[in-house]
Each structure stands twice: as structure tokens, then as C-alpha cells.
Amino acid sequence: MAIQSLIDTLEQKVQQLQHTYSSRQEEKLFAQFDRTLFSEQGQTVSFYFSEIQQTLTKIKTLHSTNIHHYHFITEHLVKQCRVLSEALNRKNHRLSSSKPKISATPKASHAIHQLPPRERLEKYYEALEQLNHLYQQQRDIIRIATAPDTQQKAIGLAESYKRRRQKCQEAIDLLEEYLAFKEEQENRTISSDRTLQK
């Protein structure tokens, strides 16, 4: 009876977890999971949930009198759920924390504009790299997503990142032109100073 109660609890936990991340089933995860927990890397969320489901089925179909067998597989299932949940939360946190940097709140963008041109250029390049990564991520989702709403959402995000990427590239071009102009002016000043000294 205690074992049945354990199985019911585990089943509830897995269902809750699946429900929590139901909208992210087609998302690809590039987290490096322990080979003992999942058979493959870089798969979709639904792939990892099906492996968790397999572990749960193992527990359900296990007819053993040894409680340690149940304990071992249960521990394995709990670890699978924990690392998957952590990977999804990490990805979520990374995406949400990267948004302010790119869309730059007025305060943050004001701070960037206060930076010297060379440092500002570095920040723009960082933002461009991030936007390229986010854009590619959405392109991957569009390619592998089967649910139309997931695809539509990804298309919208991809378009948004594409526009922001273009703006960022324009800012970089402008700043590079300005720096090249400044450098040319400085060189002229130096050469005219030398001429005067002669």
C-alpha cells in the first residue's frame, strides 16, 4: 500500500511538472545533462518528459519485494525532474534577464550613451551577439514546432529580434564611422603639428 501511495505521489509530481511547462514542449534544450539521467543532449522538452515518463512506468511495473529497488528508481526519477526543471528555469531566467539589456530601459540606454565611444561600441557588439542568438533560437523553434500557436509566437519574436538586430547594426555602423572620422582628424592634427614643428 505504501508503494502504491508513493507511485501516486510521483505521478502527481510528474503531471504537475508537465503542466507547468506544457507551453514549452517543442522548445529545444541545450543543457548538458548527465548521461545517466537522459539518453540524449540538445533535445526538445517533450523528449525529456517522455524519458521521465519511461522511468515512472518502470516504477509502476516493478514487482519487487525489495524496497531498495523502488528507492533507487524513485531517486533517479526525482533527479531527472529536478535537473529538467532547473534547466528550464535557467533558460527562462537567462531570456528574461537578457531582455532589459537589449531593449534597454531608458535608464540603462542612457547609461550606455554616457560611455566613451569605444566602450559603447563594445556594448553594442555584445547586444548584437545576444540578439543573433535569440533570433536563431526562435528560428529553431519555428523549424521544429508542431503546434501552430507555438510557431506563431516564435515567428513574432523572431521578427522583433530581427528588427532590433537591424537597429543595433545601424548604431554600430554609425559609431564605427564616427570613430574612423575622429581617428582621421587626430592623425591630421598630429601631422600638421609635425609640419609646424619643422
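The values are calculated or read from the model by the stated rules, or taken from the named source; none is laboratory data. In this text, all values refer to a predicted model and were calculated from it rather than measured experimentally. Here the Cβ is made from the backbone with ideal geometry for all residues, glycine too, and neighbour counts use every protein chain on show. Surface accessibility is based on the protein's heavy atoms, side chains included, excluding ligands, DNA and RNA. Shrake-Rupley method; radii C 1.70, N 1.55, O 1.52, S 1.80 Å.
Things worth noting here:
- Some residue of segment 139-156 being touching a Leu at 6+ places or on another chain (Cβ under 8 Å), surrounded by 13 or more Cβ atoms within 10 Å (Cβ to Cβ) and part of a helix (DSSP H, G or I): no
- For Tyr135, the conditions (1) open to solvent by 60 Å² or more (accessible area, probe 1.4 Å); (2) of a type in the set (Phe, Trp, Tyr); (3) without any contact (Cβ under 8 Å) to a residue 40 or more places away in the chain are fulfilled apart from (1).
- For segment 65-88, taking the residues that are within 20 Å of the chain's Cα centre (by Cα) and over 16 Å from Gln12 (Cα atoms), the one that is surrounded by the most Cβ atoms within 10 Å (Cβ to Cβ) is identified as Leu84.
- Just one of the listed residues (Thr57, Thr44) is over 27 Å from Thr150 (Cα atoms) and either touching a residue at least 12 places away in the same chain (Cβ under 8 Å) or assigned by the TED database to the domain that holds Asp8 (or both), namely Thr57.
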